[in-house]
Amino acid sequence: QVQLVESGGGLVQPGGSLRLSCVASGIRFTRNAMGWYREEPGKQRALVARITSGGGTRYADSVQGRFAISRDNAKNTVWLEMNNLKPEDTAVYYCFYCSNYVCNRLEIESWGQGSQVTVSS
């Protein structure tokens, strides 16, 4: 079982920046994908960004151009740099892992503990 530990998040004003980190342990498959979903109250958890072990990335349309995902395979660590944050980015962000390049929300094998991101003046 892969375990994920998140750090980062917090309160920031609109237009500000935050960085989330996620460290994985117990990874056995070199072909995998990691990234973040976010969940707003009363809404379904939705993909924010994903990066494969091969470096391929995918972003939600709402964050394209503002967020950047990166990873270090040797350190089993993924980062999400969030810039020009908006109030609608407020949510709990969950790191995820799946042992394939492509997986939907129901196929995700491990979740992080969640990090609250609040964008407010």
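The values are calculated or read from the model by the stated rules, or taken from the named source; none is laboratory data. Since the structure is predicted, the reported quantities are computational estimates derived from the model, not experimental observations. As a convention, Cβ positions derive from the backbone with ideal geometry for all residues, glycine included, and neighbour counts pool all protein chains shown. The accessibility values were calculated without ligands, DNA or RNA, using every heavy atom of the protein model including side chains. Shrake-Rupley method; radii C 1.70, N 1.55, O 1.52, S 1.80 Å.
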Q | Cα gyration tensor shape for segment 1-51, rounded if a/c is under 1.5, else prolate or oblate | A | prolate
Q.
Along the charge dipole of the chain, pointing to its positive end and built from +1/-1 on Cβ of Lys, Arg, Asp and Glu, which listed residue (Thr52, Ala91, Ile69) has its Cα farthest out?
A. Thr52
Q. If you keep only loop residues by DSSP, which GluC sites (Glu not before Pro) in segment 80-121 have at most 16 other Cβ atoms within 10 Å of their Cβ?
A. Glu109
Q | Probe 1.4 Å, accessible area per residue of the chain, Å² | A | 53 Å²
Q) How much accessible area does Asp61 have with a 1.4 Å probe, in Å² rounded to the nearest 10? A) 150 Å²
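Once you have the Cα-Cα distance between Asp61 and Glu39, take 0.36 nm times their residue separation minus that, and quote the gain in nm to one decimal.
That pair, Asp61 and Glu39, stretches by 6.3 nm at full extension.
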**Q.** Size of electric dipole in the chain: Cβ of Lys, Arg +1 and of Asp, Glu -1, about Cα centre, debye, nearest 20
**A.** 220 debye
Q | Length gained when the stretch Gln113-Ser17 is fully extended (0.36 nm per residue, less Cα-Cα span) | A | 32.4 nm
Q | Average Cα contact separation per residue, the chain, under 8 Å, 6 or more apart, as relative contact order % | A | 36 percent
(Q) With a 10 Å cut-off between alpha carbons and a GNM built on the chain, which of Cys22, Cys95, Cys103 moves the most? (A) Cys103
Q. How far, in nm, would the chain grow between Lys86 and Arg105 when pulled straight, counting 0.36 nm per residue and subtracting the alpha carbon separation?
A. 4.4 nm
Q) When only DSSP loop residues count, what trypsin sites (Lys or Arg not before Pro) in segment 21-91 have their Cβ near at most 11 other Cβ atoms within 10 Å? A) Arg28, Arg31, Lys43
Q) Counting pairs of alpha carbon atoms under 8 Å apart in space and at least six apart in sequence, what relative contact order in percent does segment 43-109 give? A) 20 percent
